[in-house]
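Structure first, commentary second.
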Amino acid sequence: MIAGRFHRGRRVEGGGDSRVLLDPATGEPTGTVAEASMADADAAVAAAADAFGPWSQRPAGERARVILRWADLIDEHAEQLTALEVAETGKPAAVFRDGELPFGTDNLRFFAGAARSLEETGAGVLSAGYTSMIVRRPVGPVVGIAPWNFPLIMGLWKIGPAIATGNTIVVKPAPTTPSSTLYLAELAVEAGLPAGVLEVVTGAEGVGQRLVADPRVQLISITGSTRAGRQVMSAAATRGARVHLELGGKAPCLVFEDADLDGAAHGIAMGATYNSGQDCTAATRVYAHADIFDELVEKITAQFAAIRVGDPHDPDTDIGPLIGVQHRARVHGFVERAVSAGATVRIGGAIPQGRGAYYPPTLVTGAAQTDEIVQDEVFGPVLVALPFADEQQAIELANDCRYGLASSVWTLDGARSLRVAHAIEAGVTWVNDHLPIASEAPHGGVKASGFGKDMSQAAVAEYTVARHIMVKHAARAANTSFRPA
């Protein structure tokens, strides 16, 4: 039995239900977790509230040293963390170990430094006779709700800026992918993080609702579906708590007639299938100029055919299974309904034989702009391609969607790339690539994709509040009226 929570510096069993964890690659159980109860959720917030005062008062440099030691320990335990992440997500071990994990520790090292030089701080004479000091202070106990598609790295995106700026945090990983987060908490304590600064509770939606409703929680950060984000925002609104929402996406890729089509096909294919397409920033909609549409479709089809789908432990595997067979059925349903509505599957689109939740890279053409496969988040390796006539129509089609997280523009015309990038309604626009991110750059969306930023100094600001302290230079008797003396 896996102890399903991390409380006051050690791993303990939860008092809630037991959950069997499954390997998406085989469908076989990998263990059973004793999840947290409602009382466990309350206890986690209490521990975070108790730890907040002492932790928030420690100098930023001391907090940074703990985080840097933590990052080093994560690197040293890369194999153990990789085994846990792969067993519960099915993502290729080599991709996680050599890409996601080192990027996660780079995030932590960035946060450790960024919290020592907070933006929007300083002092000055802003009004005659007074010195104003602008300082940033931690908000208090925080709840972070992490998703199942990137449990470790997106957990770090919440924990890193929260504790670096002096907050304490209760993290709830997704019910099916808790193990890497629990292991991270153990390493954090080994690095010197005081008990209660990082609490972990596992469980289903009810546990998360309990955490969100707790009046001691000052900020809720969630990465998840738009539906889940709206539920969190609604619950937080009843008591005025702050929220940070990183929600769904439906990223458009605009390919113009002068683009490097081989490069575009390769970049879009990778952007559409990385992590088996289970990524809010995944390339999902391709809009290509009518003059090159057919050629680009053929090139993407060839790229999809070359992608190796298979055992996550095989170093030659490009993508592994989806998170589970229920999710695969949901993904496949989008494809089936698109075909029923008149669309064509160019490659993929069939559930393979054998065990595991595998699904092939799938390219769909002939859908209408209003179809659900164009408008809604599929969250699998499914790409839909449509033609456009000119630049203005390309922009209109890209923005004709409720989501606004990521996008890409493919052209060799520098002026056009800037013009179109500025016109697209999205949190990030890549030019001649899709997916790369950096610790120093903000990550977050607009419209139904949420608000607030992960990574960068912007994320550090999410977990702090600006305060103004104003000191009068000389004491004097109060005036008898509100008129200046």
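The values are calculated or read from the model by the stated rules, or taken from the named source; none is laboratory data. It should be emphasised that the depicted structure is a prediction, and the values quoted were computed from it without experimental measurement. Quick reminder, even Gly has a Cβ in these numbers, built from the backbone with ideal geometry, and neighbours come from all protein chains shown. Protein only, heavy atoms only, side chains kept; ligands, DNA and RNA dropped before computing areas. Shrake-Rupley method; radii C 1.70, N 1.55, O 1.52, S 1.80 Å.
Structure notes:
- Beta carbons closer than 6 Å, at least 6 apart along the sequence or on distinct chains, pair a first residue in segment 39-58 that is closer than 15 Å to V171 by Cβ with a second that is acidic (D, E) and open to solvent by less than 20 Å² (accessible area, probe 1.4 Å) for A44/E199; V45/D214; A47/E199; A48/E199.
- Every condition in (1) open to solvent by 20 Å² or more (accessible area, probe 1.4 Å); (2) farther than 18 Å from Y463 by Cβ; (3) within 19 Å of the chain's Cα centre (by Cα) holds for R109 except the one numbered (2).
- All of T370, T362 fail the test of being β-branched (V, I, T) and over 30 Å from I153 (Cα atoms), apart from T370.
- Entry remark, segment 295-312: residues being assigned to a helix (DSSP H, G or I) and within 16 Å of T273 (Cα to Cα) number 9 in total.
- Considered as a group, the residues in segment 239-250 that are of a type in the set (G, A, S) and either in contact (Cβ under 8 Å) with a residue 24 or more places away in the chain or not assigned by the TED database to the domain that holds D50 (or both) include one that is most open to solvent (accessible area, probe 1.4 Å), and that residue is A241.
- Residue within segment 277-292 that is buried (at least 23 other Cβ atoms within 10 Å of the Cβ), assigned to a helix (DSSP H, G or I) and not assigned by the TED database to the domain that holds K453 present: yes
- Pairs, first under 19 Å from R63 (Cα atoms) in segment 120-143, second open to solvent by less than 50 Å² (accessible area, probe 1.4 Å) and among the small types (G, A, S), C-beta under 6 Å, six or more apart: P138/S56; P138/G166; P141/A48; P141/A49; V142/A162
- Selected residue [closer than 30 Å to A78 by Cα and free of Cβ contacts under 8 Å to residues at least 40 places away in the same chain] from E186, E190, E199, E205: E205
- Strands (runs of 3 or more DSSP E) enclosed by segment 313-424 - at least 2 residues per element that are open to solvent by 40 Å² or more (accessible area, probe 1.4 Å) and free of Cβ contacts under 8 Å to residues at least 60 places away in the same chain: 344-347
- Selection count where residues are more than 21 Å from the chain's Cα centre (by Cα), surrounded by 14 or more Cβ atoms within 10 Å (Cβ to Cβ) and not in a helix (DSSP H, G or I), scope segment 59-99: 1
- Of the strands (runs of 3 or more DSSP E) contained entirely in segment 112-164, those carrying at least 1 residues that are in the same structural domain as A44 (by the TED database), surrounded by 13 or more Cβ atoms within 10 Å (Cβ to Cβ) and out of contact with any Lys or Arg (no Cβ under 7 Å at 6 or more places or on another chain) fall at 130-138, 141-145.
- If the condition is being among the charged types (D, E, K, R) and more than 11 Å from the chain's Cα centre (by Cα), then segment 432-453 contributes D433, E440, K447.
- Members of segment 175-184 that are crowded, with 24+ Cβ neighbours inside 10 Å and of a type outside the set (S, T, N, Q): P178, L184
- The set of residues in segment 208-238 that are in contact with an Asp or Glu (Cβ under 9 Å, 6 or more places away or on another chain), within 17 Å of V139 (Cβ to Cβ) and either assigned to a strand (DSSP E or B) or open to solvent by 20 Å² or more (accessible area, probe 1.4 Å) (or both) comprises L219, S221, I222.
- Close contacts from segment 274-286, counting a first residue that is farther than 22 Å from F451 by Cβ and a second that is basic (K, R) and not in a helix (DSSP H, G or I), with Cβ to Cβ under 6 Å and a gap of 6+ residues or different chains, come to N275/K91.
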